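So the structure is just underneath, and the comments pick up after that.
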Amino acid sequence: MDEIQQFSAVEVTHLIRRRDLSAREALESHIAAIDAHNGPINAVITTDFERATELAAAADERTAQGAPTGILHGLPMTHKDTFNTAGLRSTQGSKALEHNVPQQDDLQIARLAAAGAIRTGKTNVPEFGAGSHTFNDLFGTTTNPYDPTRSAGGSSGGVAAVVAARIQAFGDGSDMGGSLRIPASFCNVFGLRPSYGVIPMQSAANAYSWLGRSGPMARTVEDIALFMRASTGATSLPNPSPLTPEDFGTPLPDLAGVRIGYSFDFGIDMPIEPEVIEVLRAQLQVFEDAGAILEEATIDFSDADEVFQVTRAYDFATGIGPLLADFGDVIKPEVIWNVQKGLDLDGAKMISAQAARTRLEAGVQQFFSKYDAFLSPAAQVLPFDASWRWPKDIAGTPAETYLDWMRSACVLSATSLPVLAMPGGFTPAGLPVGWQLAANHYRDPDLLRWAAAYEQATGFAKQPPQLIAASR
């Protein structure tokens, strides 16, 4: 069982197709891993094992018959609880949705199922995905497999934790202000925030919403590409993506000649904990040894805070605002504050934010006229005490809101660029630290090639957390 859990998603699906492993055996191993490792981290909060057992048996029957199968055939996985799953409680971590059982899957879930993935349950999230620390009044706090007294990040904290803990090979996350990248950094895995529309993230309240993204988390870049092949595709979104599943083949590692501008403070004096910088600075040589050309340089982020804050506030007001009238007494204050920021927006603020976004995009294109990629810390802080609501101090700078410590991710969200979080090493105490690597719009496949070269040179994600090593 333990050996199966070390395999990547690519390896598990390959073994099932070759009949060297059955879908039922993969599921039994997955469930055993939940039983063995979920207790200390509290990542899996809802299970669906009876239905999963039926699906695994059906998958094995298809294999035996030689019937056509999807690229995720027989792969067991839990899903992030911000996604709707038909017939299975989907709460978004809120008492307002405590009894919500959707009638149909969200598009992301439906595509994974169509590719052959077997749903086994749901992973924990902050309430409504707000804040990069996973806790809520329904299910409690999810903690870090590398140190269960510390935060796993969020909002995809449950996903990052189950992937890092070898409960499953990859998982589905989402990212508005770092919800893929910060937990990936905290839990020593990869997390991709794709370009707009590559994995459609539909919104019933606003079809033109662009800030939030669906994306994968995994322990290997190859698994990130596999997830993208299963999930990429056209929909009725207003601005369709030019990328197709075929664009996400197995990434061939290549950093030769890639021009990378890097910055630790984003050119705006952003506070970053010194230990984060120390760990990451030691890895710069890895990129150069792989053939990349590094220079200290940054995108002009001077307008990014305004763009992010106004857009996020608007999205919160449109998406969550209607719930406040009936459930405001059980929704956490940070969410209510963010909704109110959206309700307080006026024409002048919206006009200013659109002008700021136009200037920001001009700065993005100026940067990419000289460089292929932008490299920066994924998180400003190390994984922090899991009992906190959020860090109130970042490298000596007081945090005024629950968003301030997420700013390293938020400013890149404002650019709408594809961004990949990558393991960047460990502190002397064994806490993970992560990079984020951004490319120009729709160069997502290039990001994976570059990351594969870095992964090949470092292998950080292969280092298991202590709770796994101790159980062997």
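In terms of the Cα gyration tensor, with a ≥ b ≥ c the square roots of its eigenvalues, is segment 399-472 rounded because a/c is under 1.5, prolate because a/b exceeds b/c, or oblate?
Taking the square roots of the gyration eigenvalues as a ≥ b ≥ c, segment 399-472 is oblate.
Kyte-Doolittle mean at least -1.0 and Cα extent at least 30 Å along the axis: which DSSP H helices of the chain qualify?
347-368
Give me the log10 of I(q) over I(0) for segment 240-357 at q = 0.16, 0.20 Å⁻¹, as the Debye formula computes it from C-alpha points; what are the numbers?
Evaluating at q = 0.16, 0.20 Å⁻¹ gives log10 I(q)/I(0) of -0.99, -1.05.
Can you grab the distance from the C-alpha centre of segment 410-459 to the C-alpha centre of segment 380-396, Å, no decimals?
21
Give me P(r) over the chain, computed from all C-alpha to C-alpha distances, binned every 10 Å, as integer percentages.
All Cα pairs considered, the percentages come to 4, 22, 34, 27, 11, 2, 0.
Mind pulling the per residue volume of the convex hull built on the Cα atoms of segment 84-217? Å³ is fine.
Hull volume over Cα atoms, normalised by residue count, gives 104 Å³.
If you rank Thr235, Thr250 by how much accessible surface each has, with a 1.4 Å probe, what is the order from largest down?
Thr250, Thr235
How large is log10 of I(q)/I(0) for segment 87-143 at q = 0.13, 0.28 Å⁻¹ when the intensity is taken from the Debye formula with one equal scatterer per alpha-carbon?
With no solvent term, the Cα-only Debye profile gives -0.38, -1.12.
Among DSSP beta bridges lying fully in the chain, give the percent that are antiparallel, nearest 5.
75
Calculate how many DSSP beta bridges within segment 70-202 are antiparallel, expressed in % of all such bridges and rounded to the nearest 5.
So the antiparallel bridges amount to about 50 percent of the total.
Taking amide H positions as placed in the peptide plane 1.01 Å from N, state which residues far from Arg150 in sequence (5 or more) or on other chains have amide H under 5 Å from it.
Asn144, Ala386
Using amide H atoms built 1.01 Å from N in the peptide plane, name the residues 5+ places from Asp393, or on other chains, whose amide H lies under 5 Å from its own.
Counting only residues 5 or more places away or on other chains, the set is Ala399.
Rounded if a/c is under 1.5, else prolate if a/b is larger than b/c, else oblate: which is segment 1-117, with a ≥ b ≥ c the root eigenvalues of its Cα gyration tensor?
Oblate is the answer for segment 1-117, as a/c is 1.5 or above yet b/c matches or exceeds a/b.
Within the chain, how many Lys pairs sit with Cα atoms under 18 Å apart, leaving out pairs fewer than 8 places apart on the same chain?
7
Give me the compactness ratio for segment 49-124, meaning the Cα radius of gyration over 2.2 N^0.38 Å.
Relative to the 2.2 N^0.38 Å estimate, segment 49-124 comes out at 1.17.
What whole number of Å gives the distance from the Cα centroid of segment 285-320 to the Cα centroid of segment 1-21?
Centre-to-centre (Cα) distance: 36 Å.
In segment 1-65, which trypsin sites (Lys or Arg not before Pro) fall in coil by DSSP and have 11 or fewer other Cβ atoms within 10 Å?
Taking segment 1-65 and a limit of 11 other Cβ atoms within 10 Å, the loop trypsin sites (Lys or Arg not before Pro) found are Arg18, Arg19.
So which chymotrypsin sites (Phe, Trp or Tyr not before Pro) in segment 373-464 pass both tests, a DSSP loop state and at most 16 other Cβ atoms within 10 Å of the Cβ?
When the chymotrypsin sites (Phe, Trp or Tyr not before Pro) of segment 373-464 are filtered for loop state and at most 16 Cβ neighbours within 10 Å, Trp388 remain.
Ignoring everything except DSSP H segments at least 4 long, calculate the 222 nm mean residue ellipticity for the chain; use -39,500 (n - 2.57) per segment, divide by total residues, nearest 500.
One gets -11500 deg cm²/dmol as the mean residue ellipticity at 222 nm.
Where does each of Thr220, Thr149 land when they are ordered by accessible area, with a 1.4 Å probe and the largest first?
Thr149, Thr220
I'd like the distance between the alpha-carbon centres of segment 174-199 and segment 334-379, rounded to an integer number of Å.
Result: 17 Å between the Cα centres.
Keeping all protein chains in place and using 1.4 angstrom, which order do Leu226, Leu323 fall into by accessible surface area, from largest down?
Leu323, Leu226
Does segment 168-245 come out rounded, prolate or oblate, given a ≥ b ≥ c as the square roots of the eigenvalues of its C-alpha gyration tensor, rounded meaning a/c under 1.5 and, failing that, prolate meaning a/b above b/c?
oblate
The values are calculated or read from the model by the stated rules, or taken from the named source; none is laboratory data. Computed from a predicted model, the values in this text were never measured in an experiment. Neighbour counts run over all protein chains shown; Cβ positions are idealised from the backbone, glycine included. Only protein heavy atoms, including side chains, enter the accessible area calculation; ligands, DNA and RNA are left aside. Shrake-Rupley method; radii C 1.70, N 1.55, O 1.52, S 1.80 Å.
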